[in-house]
1. Please go through the stretch 23-33 and pick out each residue that is open to solvent by less than 20 Å² (accessible area, probe 1.4 Å) and either within 12 Å of Ala95 (Cα to Cα) or within 14 Å of the ligand (Cβ to nearest atom) (or both).
2. When residues of the stretch 113-157 are filtered for being within 15 Å of the ligand (Cβ to nearest atom), among the hydrophobic types (A, V, I, L, M, F, W, C) and part of a helix (DSSP H, G or I), how many remain?
3. Hey, Arg170 hits all of (1) in contact (Cβ under 8 Å) with a residue 12 or more places away in the chain; (2) part of a helix (DSSP H, G or I) but one; which does it fall short on?
4. Restricting the search to the stretch 113-136, which residues are open to solvent by less than 50 Å² (accessible area, probe 1.4 Å) and at pLDDT 95 or above?
5. Regarding the stretch 10-22, can at least one residue be identified that is open to solvent by 30 Å² or more (accessible area, probe 1.4 Å), closer than 21 Å to Val142 by Cβ and at pLDDT 95 or above?
6. Which one of these does Glu90 not meet: (1) crowded, with 20+ Cβ neighbours inside 10 Å; (2) over 16 Å from the mean Cα position of the chain (by Cα)?
Amino acid sequence: MNAETSACPHRIAVCPGTFDPVTYGHLDVIGRASKMFDTVVVGVVNLPWRKGNTLFSAEERIAFLRDATRQLPNIEIETFSSLLVTFARERGAMAIVKGLRAISDFEYELEMNQLNRRQAPEIESVYLMASPKYSFISSSGVKELATFGGEIDELVPDKVAQHLKERLGR
Ligand code: PNS
């Protein structure tokens with residue numbers, strides 16, 4: 001390794017979310033982030049008081065993510081229950097990467113961005129516009145479809161679809 005390459009920092013980004021469950025929209029953002037950073041740490045929110053509010057446990061959500069990202073060499077998956085910026089700092093991340101689908105996402109993310117920036121000005125937030133193919137997918141929408149027998153196979157990985165149908169299907 002010469003001086004030029006050794007001076008090159010290892011760029012770490014955190015890609016946060018509840019991932020209840022992971023969708024192809026999330027995977028699109030994670031996959032694109034993995035090309036921009038040396039390591040992408042997927043941070044799975046695991047708040048004890050939110051436990052009853054997620055359909056899948058943190059372990060299940062992580063297992064789905066592991067399975068769906070196994071072809072990507074630079075992805076790490078971890079839970080966190082602190083402030084997002086605290087988690088990002090602990091992991092040595094220079095950036096937080098999120099997907100943006102619609103104006104409604106923008107309004108929420110603008111507020112989060114201001115709050116996060118105030119807490120940790122050294123961590124940049126990076127927003128990736130959702131690919132048109134995935135711009136309408138949300139975990140809550142997928143769960144609603146699964147509850148009423150809608151078609152979800154093109155929205156989430158096979159394993160996730162199977163578990164959603166088992167847990168929510170009527
Ligand atoms: O929409 P999601 O997937 O539930 O988003 C989760 C997350 C952590 C990305 C969002 O809540 C966020 O940006 N929060 C910033 C504020 C924070 O640090 N909250 C603590 C979460 S443990």
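1. If the condition is that a residue be open to solvent by less than 20 Å² (accessible area, probe 1.4 Å) and either within 12 Å of Ala95 (Cα to Cα) or within 14 Å of the ligand (Cβ to nearest atom) (or both), then Thr23, Gly25, Val29, Ile30, Ala33 are the ones that fit.
2. Within the stretch 113-157, residues that are within 15 Å of the ligand (Cβ to nearest atom), among the hydrophobic types (A, V, I, L, M, F, W, C) and part of a helix (DSSP H, G or I) number 2.
3. (2)
4. Asn113, Asn116, Ala120, Ile123, Ser125, Val126, Leu128 - these are the residues of the stretch 113-136 that are open to solvent by less than 50 Å² (accessible area, probe 1.4 Å) and at pLDDT 95 or above.
5. yes
6. So the condition that Glu90 fails would be (1).
The values are calculated or read from the model by the stated rules, or taken from the named source; none is laboratory data. What you see is a predicted model; the values in this text were computed from it and never measured. Note that we place each Cβ from the backbone using ideal geometry, even for glycine, and neighbour counts take in every protein chain shown. The area values use the complete protein model at the heavy-atom level, side chains included, leaving out ligands, DNA and RNA. Shrake-Rupley method; radii C 1.70, N 1.55, O 1.52, S 1.80 Å.
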